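All remarks here apply to the structure that follows.
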Amino acid sequence: MINASLTELRAALDAGKISSVELATLFLDRIERLDPSLNAFITVDRDGALEAARAADARLAAGDAGPLTGIPLAHKDVFCTEGVLTTCGSKMLANFVSPYDAHVVSLLKAAGAVSLGKTNMDEFAMGSSNENSHFGPAKNPWDTTRIPGGSSGGSAAAVAARLVPIATGTDTGGSVRQPAALTGVTGIKPTYGVVSRYGMIAYASSLDQGGAFGASAADCAQLLTAMAGFDPRDSTSLERPAEDYSRELAAPAAGRPLAGLRIGLPKEFFGAGMADDVRAAVEAALDEYRALGATTVDVSLPNAQLAIPAYYVIAPAEASSNLSRFDGVRYGHRAAEYRDLAEMYSKSRAEGFGAEVKRRILVGTYVLSHGYYDAYYLQAQKLRRLIAQDFQAALAGCDIIAGPTSPTTAWAIGEKSDDPVQMYLSDIYTIAVNLAGLPGLSHPCGFGAGELPVGLQLVGDYFSEARLLNAAHRFQQASDWHLRRPAIAA
Ligand code: GLN
């Protein structure tokens with residue numbers, strides 16, 4: 001059961017081979033046994049999970065089960081969960097019990113999915129390694145001396161170690177795809193606006209997007225189907241008909257399953273900076289795609305190298321505004337002693353936020369201030385537009401774009417934590433996708449030195465999630481990288 005796909009779990013639940021309570025207990029016991037060495041969870045909600053599982057069993061008995069009824073999952077701790085601690089990885093919110101559910105959380109509850117708890121993350125989703133968490137770093141299940149990636153590192157590690165079959169995450173600059181790559185799982189960030197941001201604690205609102213982690217593209221497709229959909233409470237939520245992202249997966253693959261698919265390879269994603277072991281795994285995966293019938297064409301994203309500087313102006317600018325609400329007045333941490341209101345604000349914020357969050361608030365406030373706005377913020381917005389145009393030009397000549405998700409495999413805990421620029425560069429292949437608002441997926445495509453997973457990133461045009469998932473699914477039907485498990489998960 002631990003390694004079963006969602007389809008297999010569904011069949012077992014429907015056939016009465018296992019109850020939802022038994023399934024939840026199986027994974028909760030695993031969390032209890034393995035999480036002390038992984039730190040993937042900030043909160044484990046055994047009582048809430050068992051209650052939800054009992055309700056799922058009642059629905060099953062009544063013949064009222066949907067695709068995810070009775071399936072255990074975990075939420076990144078950026079999603080508000082009613083009555084359950086919602087910390088966002090920060091001391092600032094270390095005591096915050098949300099009075100309401102995020103839209104994604106309520107959709108999954110209504111679907112009958114069983115939340116086992118909240119996963120570890122970089123503070124306010126700022127980071128690429130999970131080391132910025134107030135609750136200590138999550139560990140990579142393939143090597144617990146290494147980082148699992150960030151900021152959704154806890155969700156990725158939990159799925160990789162099979163502490164839970166599927167998990168939610170968010171991706172502002174790569175935080176679903178990069179940890180998926182570094183832990184050997186599949187992760188998808190949909191088109192901006194497909195998943196509601198209501199109740200998802202804001203980092204950079206024009207970039208933040210909820211996403212899904214699973215062992216396979218097929219599992220991600222099922223989770224994304226349940227998470228997505230219009231929500232009037234999010235002003236950037238897109239009003240479109242609901243989609244079944246699994247709809248093409250069941251189609252029988254006659255002949256070569258990817259015949260006719262044109263994969264664009266941006267030369268900027270294959271230059272210097274990619275580690276040799278990552279390059280070898282990515283090239284081998286592209287050969288496999290060709291064997292499945294796809295053709296590859298060279299494309300160019302000439303402004304892609306400007307994505308990181310543009311992002312590190314825009315994201316901090318939005319963060320400085322979004323995080324101004326944490327002032328010690330309404331909720332969250334408040335300093336114990338202060339002389340006046342101004343000191344209460346400043347001491348609460350000085351104590352409640354970690355170093356990286358403070359760095360970004362300072363940068364963001366600076367680039368938005370009078371006299372600097374035009375020089376930095378406005379320029380960054382122009383670059384953002386150029387980057388989006390590059391993708392449109394490239395996608396005119398291909399159906400999907402492929403390349404590495406991360407330039408290296410998982411690095412050692414502590415290796416980059418004193419060097420923010422090195423840390424920022426680890427998102428070089430993922431950030432441009434958020435700036436353009438496009439969907440992106442990462443799936444396991446091999447192993448590098450030290451048996452560490454390598455991910456392949458697929459990017460498509462707006463609303464091409466089903467196509468990306470389908471391509472990854474065909475790859476996974478013909479390979480077994482996504483079925484490998486770290487020794488700790490045995
Ligand atoms: N690593 C990037 C950052 O630190 C992206 C984080 C994310 O996608 N939430 O901002």
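Among the residues of the stretch 134-152, is any under 23 Å from Leu34 (Cβ atoms) and free of Cβ contacts under 8 Å to residues at least 40 places away in the same chain? Yes, some residue in the stretch 134-152 is under 23 Å from Leu34 (Cβ atoms) and free of Cβ contacts under 8 Å to residues at least 40 places away in the same chain.
Checked against (1) closer than 30 Å to Glu451 by Cα; (2) within 16 Å of the ligand (Cβ to nearest atom); (3) open to solvent by less than 10 Å² (accessible area, probe 1.4 Å), Leu116 meets all criteria but (2).
If you check Gly154 against the conditions, is it open to solvent by less than 10 Å² (accessible area, probe 1.4 Å) and either away from the ligand (no atom under 16 Å from the Cβ) or under 20 Å from Val84 (Cβ atoms) (or both)?
yes
In this structure, Ala489 qualifies as of a type in the set (A, V, I, L, M, F, W, C), open to solvent by less than 20 Å² (accessible area, probe 1.4 Å), touching a residue at least 40 places away in the same chain (Cβ under 8 Å) and over 23 Å from Pro190 (Cβ atoms). None of Ala412, Ala402, Ala375 is farther than 20 Å from Thr172 by Cβ, touching a Phe, Trp or Tyr at 6+ places or on another chain (Cβ under 9 Å) and away from the ligand (no atom under 15 Å from the Cβ) except Ala402.
Considering the stretch 166-181, and only residues there that are away from the ligand (no atom under 12 Å from the Cβ) and more than 17 Å from Ala472 (Cβ to Cβ), the residue that is farthest from the chain's Cα centre (by Cα) turns out to be Ala167.
Of all the residues in the stretch 388-443, those that are assigned to a loop (DSSP other than H, G, I, E, B) and not charged (D, E, K, R) number 20.
Screening Ala74, Ala52 for residues that are assigned to a helix (DSSP H, G or I) and either modelled with pLDDT of 95 or more or open to solvent by 40 Å² or more (accessible area, probe 1.4 Å) (or both) leaves exactly one candidate, Ala52. Within the stretch 13-26, residues that are open to solvent by less than 30 Å² (accessible area, probe 1.4 Å) have Cβ atoms under 8 Å from residues that are acidic (Asp, Glu) in these pairs: Ser20/Asp57, counting only partners at least 6 apart in sequence or on another chain. Restricting Thr172, Thr168 to those that are open to solvent by less than 10 Å² (accessible area, probe 1.4 Å), in a strand (DSSP E or B), closer than 30 Å to Val329 by Cβ and hydroxyl-bearing (Ser, Thr, Tyr) reduces the list to Thr168. Just for the stretch 177-194: of the residues that are in contact with a helix residue (DSSP H, G or I) (Cβ under 8 Å, 6 or more places away or on another chain) and assigned to a loop (DSSP other than H, G, I, E, B), which one is most open to solvent (accessible area, probe 1.4 Å)? Result: Tyr192. Residues in the stretch 267-285 that are open to solvent by less than 70 Å² (accessible area, probe 1.4 Å) and not charged (D, E, K, R): Phe269, Phe270, Gly271, Gly273, Met274, Ala275, Val278, Ala280, Ala281, Val282, Ala284, Ala285. Residues that are out of contact with any strand residue (DSSP E or B) (no Cβ under 7 Å at 6 or more places or on another chain), within 12 Å of Thr408 (Cα to Cα) and more than 10 Å from the ligand (Cβ to nearest atom) within the stretch 426-442 comprise just one, Ile428. Which members of the stretch 87-105 meet the condition of being assigned to a loop (DSSP other than H, G, I, E, B), surrounded by fewer than 24 Cβ atoms within 10 Å (Cβ to Cβ) and either among the hydroxyl-bearing types (Ser, Thr, Tyr) or without any contact (Cβ under 8 Å) to a residue 40 or more places away in the chain (or both)? The answer is Ser98, Pro99, Tyr100. Taken together, the residues in the stretch 197-234 that are open to solvent by 10 Å² or more (accessible area, probe 1.4 Å) and within 18 Å of Leu435 (Cβ to Cβ) amount to 4. What residue, among those in the stretch 463-490 that are assigned to a helix (DSSP H, G or I) and among the small types (Gly, Ala, Ser), is nearest to Glu243 (Cα to Cα)? Restricting to residues being assigned to a helix (DSSP H, G or I) and among the small types (Gly, Ala, Ser), the top hit is Ala466. Every test in (1) in contact (Cβ under 8 Å) with a residue 60 or more places away in the chain; (2) not in a helix (DSSP H, G or I) is passed by Gly328 save one, and that test is (1).
The values are calculated or read from the model by the stated rules, or taken from the named source; none is laboratory data. None of these values were measured; they are calculated from a predicted model. Ideal geometry is used to build each Cβ from the backbone, glycine not excepted, and the neighbour counts take in all protein chains shown. Accessible surface areas use protein heavy atoms only, side chains included; no ligands, DNA or RNA. Shrake-Rupley method; radii C 1.70, N 1.55, O 1.52, S 1.80 Å.
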